[in-house]
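> Before anything else, here's the structure in question.
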Amino acid sequence: MTDAPRPLPQLKPRHFPPPPPLVQKTPGLWRRTPPAIFPPIMGLFGLGLAWRVMAHAPGLLPLEPIGEAILGATLLLYGFALIAWLSKPLRRPAVFVEELRVLPGRAGLAAMVLCLVLSGAALRPYAPVLALDLVIVGLAALFVLGLGIAYVLHTGPEEQRVVTPIFHLTYVGYILAPITLVPLGHTQIASAILFASIAIAGLIWAISLRQILTRIPPAPLRPLLTIHLAPASFIAISSVLLGHPWLATGFALLALTLFTLLIANLRWLTAAGFSPLWGAFTFPIAGAASAAILALGTTGLWIGAALLLGASVLTPWVNFRVLKSWAKGDLGAKTNAATA
């Protein structure tokens with residue numbers, strides 16, 4: 001018997017792989033194109049149209065190239081983004097329904113369709129027939145999208161069946177059509193859209209106010225509240241085009257009142273920091289600028305100019321941040337976009 005210590009058994013080294021990254025990279029070219037790229041692009045359309053409105057004010061015609069340049073560049077960007085997203089349902093059609101199950105997907109798809117209508121507004125002075133076709137296709141697509149969202153909410157979890165500001169995009173977004181329809185002479189259908197939009201927007205505002213008074217939205221979703229500003233602005237614009245000055249003035253003042261409330265609570269709105277949902281800040285501000293210029297006379301021109309300058313800084317910056325995140329491949333995971 002020996003007192004020599006026994007050798008310790010050899011332990012096989014184990015390999016512990018590193019944990020997966022919190023943000024997964026996009027699995028392939030355009031296979032996870034996020035709909036969240038479209039709200040800031042919609043903001044660029046609104047910005048270009050607002051500069052066009054500003055240029056039509058007395059003595060400001062030299063500003064016209066600014067709006068036309070923004071609209072031309074935005075059309076190219078939108079065409080690229082639209083092809084990138086459409087490659088997903090062409091690979092796997094079920095992607096469409098999957099996008100509608102998440103809030104950023106619903107907001108993004110609504111903005112994508114409305115950008116088609118705004119493309120018609122941008123092209124109307126140059127190609128009126130094509131512009132009208134784009135508006136008709138956009139309105140038809142918006143109707144289908146509204147049915148799809150209603151179906152997903154009805155068949156989904158009960159806690160998701162709440163009215164959100166995105167309802168304005170889906171069910172009041174038709175109010176963008178008169179911007180093209182009225183100059184092309186289709187005033188009757190534009191008038192029907194105007195008054196139907198007033199009724200639907202009023203209902204959504206009432207339900208949303210009741211919800212806000214009883215339940216504070218979580219910080220990451222608060223930027224979406226800015227969308228409440230958009231219907232008032234575009235109802236005012238359509239009212240000007242259709243010759244309803246008192247209606248236009250009322251809704252333009254409502255838009256400015258909502259904007260003032262949002263600015264007063266800006267720190268609360270942005271408490272969660274920058275996110276792709278900041279795209280919701282872009283198009284309502286541009287719309288409010290156009291509404292003030294068109295509906296509120298000389299005073300509105302100065303107010304609209306201030307809003308337009310602010311939108312001209314904010315909108316490109318938000319687009320840069322969102323599109324940069326898309327280019328890096330992490331925007332799809334951040335917004336839970338569907339994968340083709």
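The values are calculated or read from the model by the stated rules, or taken from the named source; none is laboratory data. Nothing here was measured: the structure is a model prediction, and the numbers come from that model. Because the Cβ atoms are built from the backbone with ideal geometry, glycine has one as well, and the counts that use them run over all protein chains shown. Note: accessible area is taken over every heavy atom of the protein model, side chains too, but ligands, DNA and RNA are not part of it. Shrake-Rupley method; radii C 1.70, N 1.55, O 1.52, S 1.80 Å.
> It is to be established whether one or more residues within region 227-249 are among the aromatic types (Phe, Trp, Tyr), touching a residue at least 24 places away in the same chain (Cβ under 8 Å) and within 18 Å of Phe167 (Cβ to Cβ). I'd like the intermediate steps shown before the answer.
At the first step, the residues of region 227-249 found to be among the aromatic types (Phe, Trp, Tyr) are 234, 246.
Restricting the remaining residues to those that are touching a residue at least 24 places away in the same chain (Cβ under 8 Å) gives 234.
Filter once more, so that each one left must be within 18 Å of Phe167 (Cβ to Cβ): 234.
The answer is yes, given that some residue of region 227-249 is among the aromatic types (Phe, Trp, Tyr), touching a residue at least 24 places away in the same chain (Cβ under 8 Å) and within 18 Å of Phe167 (Cβ to Cβ).
> Something else now. Sort through Leu301, Leu254 and tell me the only one that's under 17 Å from Met54 (Cβ atoms), open to solvent by 30 Å² or more (accessible area, probe 1.4 Å) and assigned to a helix (DSSP H, G or I). Before you say what the answer is, go through the steps one by one.
Details: Leu254 fails: under 17 Å from Met54 (Cβ atoms).
Being under 17 Å from Met54 (Cβ atoms), open to solvent by 30 Å² or more (accessible area, probe 1.4 Å) and assigned to a helix (DSSP H, G or I) holds for just one of Leu301, Leu254, which is Leu301.
> Would you check if Pro104 is touching a helix residue (DSSP H, G or I) at 6+ places or on another chain (Cβ under 6 Å), surrounded by fewer than 23 Cβ atoms within 10 Å (Cβ to Cβ) and in contact (Cβ under 8 Å) with a residue 60 or more places away in the chain? Break it down stepwise before answering.
On the way: touching a helix residue (DSSP H, G or I) at 6+ places or on another chain (Cβ under 6 Å): yes; surrounded by fewer than 23 Cβ atoms within 10 Å (Cβ to Cβ): no; in contact (Cβ under 8 Å) with a residue 60 or more places away in the chain: yes.
Spelling it out, it is not the case that Pro104 is touching a helix residue (DSSP H, G or I) at 6+ places or on another chain (Cβ under 6 Å), surrounded by fewer than 23 Cβ atoms within 10 Å (Cβ to Cβ) and in contact (Cβ under 8 Å) with a residue 60 or more places away in the chain.
> Just the residues that are within 17 Å of Leu90 (Cβ to Cβ) and either of a type in the set (A, V, I, L, M) or open to solvent by less than 20 Å² (accessible area, probe 1.4 Å) (or both), please, taken from region 30-54.
Scanning region 30-54 gives Thr33, Pro34, Pro35.
> Quick check, is Ala107 over 25 Å from Leu184 (Cα atoms) and over 17 Å from the mean Cα position of the chain (by Cα)?
Values: over 25 Å from Leu184 (Cα atoms): yes; over 17 Å from the mean Cα position of the chain (by Cα): no.
When the stated conditions are applied, Ala107 does not pass them.
> Would a scan of region 275-287 turn up a residue that is open to solvent by 60 Å² or more (accessible area, probe 1.4 Å), part of a helix (DSSP H, G or I) and touching a residue at least 24 places away in the same chain (Cβ under 8 Å)? Talk me through it step by step, then tell me what you get.
Going through region 275-287, the residues open to solvent by 60 Å² or more (accessible area, probe 1.4 Å) turn out to be none.
Looking through region 275-287, none of the residues is open to solvent by 60 Å² or more (accessible area, probe 1.4 Å), part of a helix (DSSP H, G or I) and touching a residue at least 24 places away in the same chain (Cβ under 8 Å).
> Residue check: is Thr155 open to solvent by 10 Å² or more (accessible area, probe 1.4 Å) and in contact (Cβ under 8 Å) with a residue 24 or more places away in the chain?
On the way: open to solvent by 10 Å² or more (accessible area, probe 1.4 Å): yes; in contact (Cβ under 8 Å) with a residue 24 or more places away in the chain: no.
No: the conditions fail for Thr155.
> Looking at Ile175, Ile166, Ile193, can you tell me which residue is open to solvent by 10 Å² or more (accessible area, probe 1.4 Å) and either at pLDDT below 95 or not basic (Lys, Arg) (or both)? Don't jump to the end; show me each part of the working.
Working: Ile175 fails: open to solvent by 10 Å² or more (accessible area, probe 1.4 Å); Ile166 fails: open to solvent by 10 Å² or more (accessible area, probe 1.4 Å).
It is Ile193.
> Kindly check whether there is at least one residue in region 75-98 that is in contact (Cβ under 8 Å) with a residue 40 or more places away in the chain, closer than 30 Å to Ile303 by Cβ, open to solvent by less than 50 Å² (accessible area, probe 1.4 Å) and among the small types (Gly, Ala, Ser).
Within region 75-98, not a single residue is in contact (Cβ under 8 Å) with a residue 40 or more places away in the chain, closer than 30 Å to Ile303 by Cβ, open to solvent by less than 50 Å² (accessible area, probe 1.4 Å) and among the small types (Gly, Ala, Ser).
> Here are some residues: Ala292, Ala327. Which one is surrounded by fewer than 20 Cβ atoms within 10 Å (Cβ to Cβ) and without any contact (Cβ under 8 Å) to a residue 60 or more places away in the chain?
Values: Ala292 fails: surrounded by fewer than 20 Cβ atoms within 10 Å (Cβ to Cβ).
Checking each option against the conditions leaves just Ala327.
> List the residue pairs whose Cβ atoms are under 7 Å apart, where the first residue sits in region 118-131 and is within 13 Å of Leu71 (Cα to Cα), the second is hydroxyl-bearing (Ser, Thr, Tyr) and surrounded by 13 or more Cβ atoms within 10 Å (Cβ to Cβ), and the two are 6 or more positions apart or on different chains.
These pairs meet every condition: Ser119/Tyr78; Gly120/Thr180; Ala121/Thr180; Arg124/Thr180.
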